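Just below is one structure, and these are the notes that go with it.
The values are calculated or read from the model by the stated rules, or taken from the named source; none is laboratory data. Just so it is clear, the model here is predicted, and its values are computed rather than measured. Cβ: placed from backbone, ideal geometry, glycine included. Neighbour counts: every protein chain shown.
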């Protein structure tokens with residue numbers, strides 16, 4: 001189906017990659033309305049989309065790609081977790097498609113996220129002021145890699161804010177608590193949650209026949225994992241369970257299609273930062289003095305490193321009480 005990818009006019013928001021015949025990764029283009037990756041899966045008699053990007057336009061392009069490749073409307077959409085870069089495009093796919101998530105993810109979307117969107121709509125000027133402040137910081141930034149990433153961040157933020165007045169926040173209408181299987185005429189997919197690691201509840205899509213996992217942000221390829229809402233120990237436990245599945249290829253939440261090697265790298269990152277922050281806490285060392293370990297200096301999402309340290313410090317103090 002590679003000719004189908006070539007014939008699809010494309011999108012500025014993502015690049016289509018064929019993982020295996022009938023399974024496509026939509027890899028986010030930095031600084032656009034995608035931010036996170038998505039995926040398209042041919043079930044034979046139905047089409048499944050995994051995650052829906054940050055903006056309506058990016059989701060419309062994803063829908064167009066899915067319909068072009070499969071010749072039919074999308075039947076199922078999976079939200080791997082509640083973050084906006086995986087859910088804000090949901091409205092494009094309803095009512096034709098069922099939107100699926102874990103019960104906890106839907107509850108968070110219906111409360112915390114909905115409230116946050118209302119606040120953003122009520123006071124957009126505060127967000128634009130924050131973006132302008134970062135633009136000023138970019139002018140002073142001398143590290144070219146960090147400067148580029150900050151530019152991508154603010155461009156994505158502006159895309160989100162431009163889209164926000166037209167957002168019809170669309171919640172999942174099917175939920176599950178452990179596992180759910182969708183049986184297709186060509187392949188089955190298993191929706192699995194082992195609990196919450198990256199967020200309070202994370203799901204992955206496992207395709208046993210093809211030995212593929214579409215992991216959301218449980219696995220990232222050459223990007224700093226985002227630990228803002230994370231439980232690092234549970235995340236490590238979840239990665240151990242994911243590794244026990246029969247997996248050859250991974251479509252990560254961010255970065256290029258990868259393998260178990262990147263799962264190992266994410267696990268190593270979380271363990272490494274836990275050790276660094278635990279040591280700093282014991283020695284009363286300032287987190288500001290900690291620099292990015294050399295193994296991760298070429299990874300993207302550089303701006304999350306400092307906030308990751310702070311998140312881990314809070315978590316260590318919390319469990320130490």
Output yes when any residue across region 67-75 is touching a helix residue (DSSP H, G or I) at 6+ places or on another chain (Cβ under 9 Å), surrounded by 24 or more Cβ atoms within 10 Å (Cβ to Cβ), under 21 Å from residue 212 (Cβ atoms) and at pLDDT 95 or above, and no when none is.
no
Within region 241-274, the residues that are surrounded by fewer than 17 Cβ atoms within 10 Å (Cβ to Cβ), farther than 17 Å from residue 308 by Cα and in contact (Cβ under 8 Å) with a residue 24 or more places away in the chain are 241, 245, 246, 248, 256
- For residue 104, are the conditions met, namely being out of contact with any helix residue (DSSP H, G or I) (no Cβ under 8 Å at 6 or more places or on another chain), in contact (Cβ under 8 Å) with a residue 60 or more places away in the chain, in the same structural domain as residue 59 (by TED's automatic domain parsing) and assigned to a helix (DSSP H, G or I)? yes
So residue 271, is it more than 26 Å from residue 35 (Cβ to Cβ) and within 21 Å of the chain's Cα centre (by Cα) = yes
If we keep only residues of region 275-310 that are surrounded by fewer than 17 Cβ atoms within 10 Å (Cβ to Cβ) and touching a residue at least 40 places away in the same chain (Cβ under 8 Å), then the residue farthest from residue 226 (Cα to Cα) is 298
*In region 222-236, is there at least one residue being in contact with a strand residue (DSSP E or B) (Cβ under 6 Å, 6 or more places away or on another chain), within 17 Å of residue 179 (Cβ to Cβ) and in the same structural domain as residue 87 (by TED's automatic domain parsing)?*
no
Looking across region 152-187 at residues that are touching a strand residue (DSSP E or B) at 6+ places or on another chain (Cβ under 6 Å) and without any contact (Cβ under 8 Å) to a residue 60 or more places away in the chain, the single one that is farthest from residue 104 (Cα to Cα) is 181
- Query: In this structure, does residue 121 turn out to be under 19 Å from the mean Cα position of the chain (by Cα) and either outside the structural domain of residue 209 (by TED's automatic domain parsing) or not in a strand (DSSP E or B) (or both)?
  - Reply: no
Checked region 183-198 for anything farther than 16 Å from residue 51 by Cα and surrounded by 13 or more Cβ atoms within 10 Å (Cβ to Cβ); matches are 184, 186, 187, 188, 194, 195, 196, 197
Only one of 127, 99 is assigned by TED's automatic domain parsing to the domain that holds residue 44, within 23 Å of the chain's Cα centre (by Cα) and farther than 25 Å from residue 312 by Cα, namely 99
Only one of (1) over 20 Å from residue 255 (Cβ atoms); (2) over 17 Å from the mean Cα position of the chain (by Cα) does not apply to residue 160, and that is (2)
Within region 34-57, the residues that are within 20 Å of residue 220 (Cβ to Cβ), outside any strand (DSSP E or B) and either out of contact with any helix residue (DSSP H, G or I) (no Cβ under 8 Å at 6 or more places or on another chain) or modelled with pLDDT under 95 (or both) are 37
Counted residues in region 267-299 being in contact with a helix residue (DSSP H, G or I) (Cβ under 6 Å, 6 or more places away or on another chain) and closer than 19 Å to residue 147 by Cα come to 1
